[in-house]
Amino acid sequence: RSTRSSATPVSVSSTPDATPTHPLPATATTAPLPTATTTITEIPAASSTPAPTRPVCRESAGRTEEGSLSSDDLPLPLQYKVLLPPCYDQEPGRRYPVLYLIHGQNYNHDQWERLGAGDRRDELIAAGEVPPFILVLPRDRSWAQPTEDLYGKVVAESLVPLIDESYRTRPDRRFRAVGGLSRGAGWAVHLGITRPDLFGALGAHSLPVFHTDAIHMRQWLDELSADQTPRIYMDIGDHDRPEIMRSAVWFEELLTEKGIPHEWHLYPGYHEEAYWEAHLDEYLRWYAREWQSNPLVEQRIPR
């Protein structure tokens, strides 16, 4: 089941921002922007099996750890932050979903934290609007394409296994999501589409598709089976940079052409941190939506 909502299309103007211009995918079109549309996949009904009783969490905030890993595929170690949820240490038998959030170009792995991702997650957990989950913020030091910058490979093949070994995660694609803003959105699409075995959901906020990904995207999408296809969320401000807008629209239209369920939101705003911060709660709720309704989130470690 899907629903469609319409809004009057808006013109797009170039606005200065801190993110350098991303070239368009070779296959991107310059056609007028489509009417803003939201396609929402119906959420499976929650199991009637009651979740195990757990202690009431008295902590209002989680804690942050930092680490790095070395790889022959990167010139410098991959730095990352891990934002653990409240009561992580008080509930040693509990496992958690994990959300990987990737920053934009010219920033580093503290961007999502500065925007309030950790604080808002904790507040939403306390309000019962999302279940507890772990946030991982990996740093990307290069601005090259994925054919030259092997950051995505290291995240998938080294960081994800390290996080699963080091923390009490749910090591299953259903409980692992990846998202990003600007260049980070490009990485989220790259990882979510090429590694559906690892990620069950991807979020692309103000997306510029990588050039070297665009030439393969049709084939990659065609190769996805129904049970491999991740949940997909896309959004962008109506005054984003024209070349980034066209890139995001190209990808959204391709998903529509292929019949791949996704959410697409065109909101008022620019390519700037104020825009992403304003929609942070919506992002976090969307990532955690199926974790909230799935009783397996409450799985405990056998004693």
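Residues in region 183-191 carry Karplus couplings, in order, of 4, x, 5, x, 5, 4, 5, 4, 6 Hz; the curve used is 6.51 cos²θ - 1.76 cosθ + 1.60 with θ = phi - 60°, and Gly or Pro positions show x.
Quote to one decimal, in nm, the extra length available between Ala144 and Leu224 on full extension: 0.36 nm per residue of separation minus the C-alpha distance between them. Could the numbers behind the result be given before it?
On the way: separation 80, 0.36 × 80 = 28.80 nm, distance 2.61 nm.
Answer, rounded to one decimal: 26.2 nm.
Taking N as the residue count of region 176-295, its C-alpha radius of gyration divided by 2.2 N^0.38 Å amounts to 1.00.
Using a 10 Å cut-off on Cβ atoms, rank the peptides 249-255, 89-95, 199-205 from the highest mean neighbour count down.
Values: 249-255: 20.7, 89-95: 14.6, 199-205: 25.7.
Sorting 249-255, 89-95, 199-205 by mean packing, highest first, produces 199-205, 249-255, 89-95.
The amide H of Gln105, built 1.01 Å from its N in the peptide plane, has Arg183, Gly184 as neighbours under 5 Å, considering only residues 5 or more places off or on other chains. Per residue, region 231-290 exposes 32 Å² of accessible surface when a 1.4 Å probe is rolled over the protein heavy atoms with every protein chain present. When the accessible area of region 151-303 is split by element with a 1.4 Å probe, what percent falls to carbon and sulfur? Taking all protein chains in place, region 151-303 shows 49 percent carbon and sulfur surface.
Once backbone amide H atoms are built at 1.01 Å from N, Tyr96 has Thr169, Arg170 as its partners under 5 Å, excluding neighbours fewer than 5 places away on the same chain.
Suppose every K and R has +1 on its Cβ and every D and E has -1 on its Cβ; what is the size of the dipole of region 65-174 about the Cα centre, in Debye to the nearest 20? Mind dumping the intermediate values first?
On the way: 13 positive and 19 negative charges, 59 e Å.
Roughly 280 debye for region 65-174.
Counting only the Cα atoms, region 181-235 fills a convex hull of 67 Å³ per residue.
What ranking of Arg114, Arg289, Arg58, Arg121 comes out by heavy-atom accessible area, probe 1.4 Å, highest first? Show your work: numbers first, answer last.
Working: Arg114 120, Arg289 60, Arg58 205, Arg121 5 Å².
The most accessible residue leads, giving Arg58, Arg114, Arg289, Arg121.
A quarter of the convex hull surface defined by the alpha-carbon atoms of region 69-181 gives 7.4 nm² as the mean projection. Projected over all directions and averaged, the alpha-carbon convex hull of region 141-181 occupies 3.7 nm².
Once R0 is set to 25 Å, what does the formula 1/(1 + (r/R0)^6) return for the Cβ-Cβ distance between Glu129 and Ala274, expressed as a FRET efficiency to the nearest 0.05?
0.65
The solvent-accessible area of Ile163, taken with every protein chain present and a 1.4 Å probe, is close to 0 Å². Dimensions of region 103-238 based on its C-alpha atoms, expressed as ranges along the principal axes with the largest first, amount to 44, 34, 33 Å. Largest to smallest in accessible area, the residues Lys258, Lys81 fall in the order Lys258, Lys81 (1.4 Å probe, all protein chains included).
Solvent exposure of region 87-150 amounts to 35 Å² per residue of accessible area, where only protein heavy atoms count and the probe is 1.4 Å.
About the Cα centre, and with charges only on the beta carbon of Lys, Arg (+1) and Asp, Glu (-1), how big is the dipole of region 177-239? Nearest 20 debye, please.
Values: 4 positive and 7 negative charges, 29 e Å.
Dipole of region 177-239, to the nearest 20 debye: 140 debye.
The values are calculated or read from the model by the stated rules, or taken from the named source; none is laboratory data. This structure is a prediction, so every number in the text was calculated from the model and none was measured. Note that each Cβ is placed from the backbone with ideal geometry, even for glycine, and that neighbours are counted across all protein chains shown. Please note that ligands, DNA and RNA were not included when accessible areas were found on the heavy atoms of the full protein model with its side chains. Shrake-Rupley method; radii C 1.70, N 1.55, O 1.52, S 1.80 Å.
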